[in-house]
Number of protein chains: 2
Amino acid sequence: MEEMVVANRKIPRATARRLPVYYRYLNVLLNANKKRVSSTELSKAVQVDSATIRRDFSYFGELGKRGYGYDVENLLKFFRGILNQDKLTSVALVGVGSLGSALMNYNFHQNTNLRISAAFDPKKELANTIKSGIPVYPADELVEQIKDQQIDIVILTVPASQAQKVTDQLISAGVHGILNFSPVRLSVPKDVQVQNIDMTNELQTLTYFIESNRLNAKDEQEK
Amino acid sequence: MEEMVVANRKIPRATARRLPVYYRYLNVLLNANKKRVSSTELSKAVQVDSATIRRDFSYFGELGKRGYGYDVENLLKFFRGILNQDKLTSVALVGVGSLGSALMNYNFHQNTNLRISAAFDPKKELANTIKSGIPVYPADELVEQIKDQQIDIVILTVPASQAQKVTDQLISAGVHGILNFSPVRLSVPKDVQVQNIDMTNELQTLTYFIESNRLNAKDEQEK
């Protein structure tokens with residue numbers, strides 16, 4: 001029941017994006033037989049300041065005790081629940097170009113119940129082959145296979161020109177989450193989640209932060 | 001002067017990450033000879049709700065007029081300034097494995113002054129070759145080349161075991177921004193910015209949102 005209440009609570013997207021990071025480090029601690037961890041230790045290991053950690057955790061109620069820190073096993077159990085790590089999550093990858101191929105070789109972290117179970121591409125020479133251990137299906141079997149395999153999450157690595165068309169097919173097949181590597185801003189219904197990974201945007205954001213830091217530093221000096 | 005004041009202002013990271021998206025769409029509008037745009041139109045095109053757009057823009061002062069919307073050319077000029085798009089930004093890529101190679105083929109969006117000008121890898125057969133139009137230097141020339149070329153931003157696609165070691169070298173060479181594709185949480189000084197792109201985390205975050213949406217929907221039905 002507790003997970004339900006928790007999952008119902010609206011948490012900021014930035015907090016949600018840090019949950020897997022916490023989860024991963026807690027696994028490291030468990031494997032090292034650590035029983036408890038302070039927010040300062042946690043902060044150092046995951047490179048998130050401890051005020052942010054405490055605020056993130058506060059969305060989920062009282063997870064730690066003042067002066068004691070956090071109980072590793074309890075915390076891990078909690079995160080495993082909210083990240084749905086108790087069952088295997090099969091994802092599909094659509095678009096086996098150079099980026100798609102690279103991602104098919106990707107090693108998911110340990111203790112992660114994620115698996116790419118199918119890939120799709122329109123190229124004739126790829127159809128019905130096994131690549132990096134993953135079956136590649138022809139593009140015209142997309143909807144059927146996604147439905148059959150009950151796949152909920154898709155990694156999208158198709159060219160920009162194809163992105164929206166493929167997205168519409170994925171939604172008609174019942175997909176609820178898209179990790180979008182194409183530069184297109186996808187239009188999706190409200191119950192479908194999109195995470196955009198766009199290298200141009202990421203680099204421009206970095207440029208912005210660097211420039212802004214530099215001007216702040218200059219400003220400090222002039223004070 | 002205005003850009004300085006603006007860049008000095010602390011804005012949320014989530015806002016900063018949306019700036020390149022706004023910038024890109026404004027270029028599309030300019031090329032289509034559009035003179036002004038409403039926050040509703042902008043919202044539809046970039047798939048960000050209009051309240052968020054208005055809040056994002058409010059960090060930068062009054063950019064639009066009630067009932068008129070935003071002036072495309074002014075807004076574009078403003079974003080070009082804060083994103084530092086008036087000069088060419090050269091970035092380096094470190095680690096020419098399958099992901100690194102895929103990213104070297106990456107087409108940055110149009111109207112983006114970004115360019116990968118150097119790559120680095122320890123593999124002997126890659127050293128001193130040109131790959132996808134980009135020179136690949138041996139790893140032991142990393143610090144020297146980064147300094148010589150005054151590179152400020154690096155795309156890091158090395159194996160986890162090498163990530164921190166290479167990061168330390170990059171920082172000693174004067175790098176201020178790292179787009180980190182390795183699963184390691186890098187330890188860096190305060191004046192260095194890191195953007196992490198970690199597929200495991202992204203997929204786990206998606207899983208979390210989907211599960212949370214599903215429980216919310218169920219909750220609504222039961223009301």
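The values are calculated or read from the model by the stated rules, or taken from the named source; none is laboratory data. Quick caveat: nothing in here was measured; it's all calculated off a predicted structure. A quick note on method: Cβ atoms are made from the backbone with ideal geometry, for glycine too, and the neighbour counts reach across all protein chains shown. The area values use the complete protein model at the heavy-atom level, side chains included, leaving out ligands, DNA and RNA. Shrake-Rupley method; radii C 1.70, N 1.55, O 1.52, S 1.80 Å.
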Using the heavy atoms of the protein chains and a 1.4 angstrom probe, tell me the accessible area per residue for the range A:137-201 in square angstrom. 41
Cα to Cα, under 18 Å, and not fewer than 8 places away if on the same chain: which aspartates and glutamates meet these conditions relative to residue A:34? A:71, A:73
Shielding by partners for B:210-221, please: the mean number of other protein chain Cβ atoms within 10 Å of each residue's Cβ. 5
Projected onto the charge dipole of chain B (+1 at Lys/Arg Cβ, -1 at Asp/Glu Cβ, origin at the Cα centre), which of B:179, B:163, B:98 gives the Cα projection farthest towards the positive end? B:179
Between residue A:62 and the same site in the other copies, what are the distances in nm, shortest first, taking label points 7 Å from Cα along the C-beta direction? 5.0
Would you mind pulling out the separation of the Cα centroids of the range B:25-71 and the range B:172-207, in Å? 30
Which of the lysines could a cross-linker span from residue A:218 if the Cα-Cα distance has to be under 23 Å and same-chain partners fewer than 8 positions apart are dropped? B:10, B:87, B:147, B:190
Over the protein assembly as shown: Rg over Rh, Cα atoms, Kirkwood Rh: 0.95
Qualifying aspartates and glutamates (Cα of each under 15 Å from Cα of residue B:131; at least 8 residues distant if same chain): B:121
Give me the accessible area per residue for the range A:3-82, probe 1.4 Å, as a whole number in Å². 54
What do you get for GluC sites (Glu not before Pro) in the range B:32-124 restricted to DSSP loop and a cutoff of at most 10 other Cβ within 10 Å of the site's Cβ? B:62
Spin-label model distance (nm) - residue A:217 vs residue A:172, 7 Å beyond Cα toward Cβ: 5.4
Between helix B:160-172 and chain B, what is the angle of the helix's C-alpha long axis to the longest principal axis, kept within 0 to 90° and rounded to the nearest 10? 90
Amide H proximity to residue B:131 below 5 Å, modelled H, separation 5+ or other chain, gives B:136
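Which value results for Rg/Rh of the range A:3-82 when Rg is the Cα radius of gyration and Rh the Kirkwood radius based on the inverse mean 1/r?
A ratio of 0.92.
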Using the basic label-point model (7 angstrom from Cα toward the beta carbon), what is the residue A:63 to residue A:191 distance in nanometres? 2.8
Principal axes first, then extents: for the Cα atoms of chain A, list largest minus smallest coordinate on each axis, whole Å, largest first. 61, 51, 33
Shortest first and in nm, the label-point separations between residue A:74 and its counterparts in the other identical copies (7 Å out along Cα→Cβ) come to 5.6
As a test of the definition: with a 1.4 Å probe, what buried accessible area, both sides summed, do you compute for A against B, in Å² to the nearest 100? 6900
Taking the Cβ of residue A:210 as the centre, find all other residues whose Cβ is under 10 Å away and add up their charges (Lys, Arg: +1; Asp, Glu: -1). -2
Can you tell me the orientation of helix A:13-31 relative to chain A, as the angle in degrees between its alpha-carbon axis and the longest Cα principal axis, to the nearest 10? 80
Taking every residue of B:12-21, the Cβ atoms of other protein chains inside 10 Å of its Cβ average out to 5
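Of all the Cα-Cα pairs you can form in the range B:155-223, what percent are over 16 Å apart?
In whole percent, the long-distance tail amounts to 57.
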Taking the rotation that carries A onto B, look along its axis and tell me which residue of A has the beta carbon nearest to it, distance in whole angstrom. A:102, 2
Which angle from 0 to 90°, rounded to the nearest 10, does the C-alpha axis of helix A:72-82 make with the longest principal axis of chain A? 40
Please name which of B:38, B:16, B:61 has its Cα lying farthest along the dipole of the range B:1-147 towards the positive end, using unit charges on Cβ (Lys, Arg +1; Asp, Glu -1) and the Cα centre as origin. B:38
When the accessible area of the protein assembly as shown is split by element with a 1.4 Å probe, what percent falls to carbon and sulfur? 48
On the first, second and third principal axes, largest extent first, how far apart are the outermost C-alpha atoms of the range B:66-176 in Å? 61, 27, 26
